[in-house]
Amino acid sequence: MIPRPDTAVLSTRNLRPSLSREGQSPRIPEGIARSVAAFRRDLPQLLGEHPGEWVAYHHNERVELGSSGRVLYRHCLERGISQDDFVVRRIVPDVARVIEDRPLAVREPRGDDR
């Protein structure tokens, strides 16, 4: 399957957390966790100013904005940033947070829902 350009997986390495010990929960590298936290912190502002663009974060620092995630990923590697220390994300609403923040609407099933 060929990924679409706006959803391309730029690297599978940092998407597969390593297991810290057998039977324990996966361990996400600290650099990635810090980078994701910074991205989520800045997401509301980014959505207002740069919706649909791509952004790279290294720990708490925004590295670069651009129109291509692949280019940003390459730029981070060229700067000598380890794959375990940065993330590249598209600036779109965080669906998981939107769902968490909204109360669930429960409706009664209709006859054709069964």
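The values are calculated or read from the model by the stated rules, or taken from the named source; none is laboratory data. No experiment lies behind these values; they were computed from the predicted model shown. Note that each Cβ is placed from the backbone with ideal geometry, even for glycine, and that neighbours are counted across all protein chains shown.
Things worth noting here:
- Selected residue (only one of Leu77, Leu10, Leu65 is of a type outside the set (D, E, K, R) and modelled with pLDDT under 60): Leu10
- Subset of the stretch 31-70 [in a helix (DSSP H, G or I), basic (Lys, Arg) and surrounded by fewer than 16 Cβ atoms within 10 Å (Cβ to Cβ)]: Arg40, Arg41, Arg70
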